[in-house]
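These notes concern the structure reproduced below.
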Amino acid sequence: MAKAKRKKPRPGRPLPEVQAALVCDNVIQAQDGKHTVVSIYDTLTVRSPTETMLPGIAEFVVFVGLKAGDARGRRTVKILGMNPDGNKEFEHQSDITFGKNPSGHMITMRARLFVSKAGLYWFHIIVDGQQLTRIPLLIRFERQIEKQDSAAEAKKRKSPKRKPLKKK
């Protein structure tokens, strides 16, 4: 069987319209096809007792809704995650097809982002090599200082005062 040739994007080919592009905790798809987006955010705060931010993994969902508009046929969608230095952290790619009827596609991508520094991270939404939009995510670092209790405060917490029982 001969391998199918992949069509290259043609200049001036209509692009789909962006219905939604966001970062959230989760997306739930109901049986009727509706999507529920849970906890949209544009800032993540990393807390640590150390003076500097410790590298770690941030987990979240990138949700993109595209409507056909004048776009028809097969399209390649890329979600490209970039760190504050402009370096690629991850890339997700999927092929979608827009039919003759008004159609759309909802793309839900679970992301695991290696975070080693605070700053502005970007998620570029690219269709057939052309950027449609981008989503910002600010990663902030906050030092978490644990409060030291005095011995007296700790004792009060351990043994709360109780009223004596009254005899009848």
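Please list, ordered by chain and number, the residues whose modelled amide H lies under 5 Å from the amide H of I135; skip anything fewer than 5 residues away on the same chain.
The answer is F123, H124, I125.
Rounded to whole Hz and in sequence order, give me ³J(HN,Hα) for segment 104-118 from the Karplus expression 6.51 cos²θ - 1.76 cosθ + 1.60, θ = phi - 60°, writing x for Gly and Pro.
3J(HN,Hα) across segment 104-118, in whole Hz: x, 9, 10, 10, 10, 10, 7, 10, 10, 9, 6, 10, 10, 7, 6.
Find how much the distance from E59 to Q29 grows on full extension, using 0.36 nm per residue of separation minus their present alpha carbon separation; answer in nm with one decimal. Let's see the in-between values first.
On the way: separation 30, 0.36 × 30 = 10.80 nm, distance 1.91 nm.
Going from the current span to full extension adds 8.9 nm.
Calculate the FRET efficiency for S94 and W122 from the Cβ-Cβ distance with a Förster distance of 22 Å, rounded to the nearest 0.05. Please list the in-between numbers first.
Details: r = 19 Å, r/R0 = 0.87.
According to the calculation, E is roughly 0.70.
In whole Å, what are the Cα extents of segment 17-158 along the three principal axes, biggest one first?
75, 37, 16
What are the residues whose amide H is under 5 Å from the amide H of E89, where those residues sit 5 or more places off or on another chain and H is modelled from the backbone?
G81, M82, N83
What does a probe at Q144 reach in segment 8-48, counting residues whose amide N is under 13 Å from the point 7 Å along Cα→Cβ?
Counting backbone N atoms under 13 Å from the label point, the list is 45-48.
Considering amide H positions built from the backbone, and no H for Pro or chain starts, which residues 5 or more places from A21, or on another chain, come under 5 Å of its amide H?
So A21 has HN proximity to G65.
Each value in this text was obtained by applying a stated rule to the coordinates, not by laboratory testing. Source: prediction; values computed, not measured. No Cβ is skipped: glycine too gets one built from the backbone with ideal geometry, and neighbour counts run over all protein chains shown.
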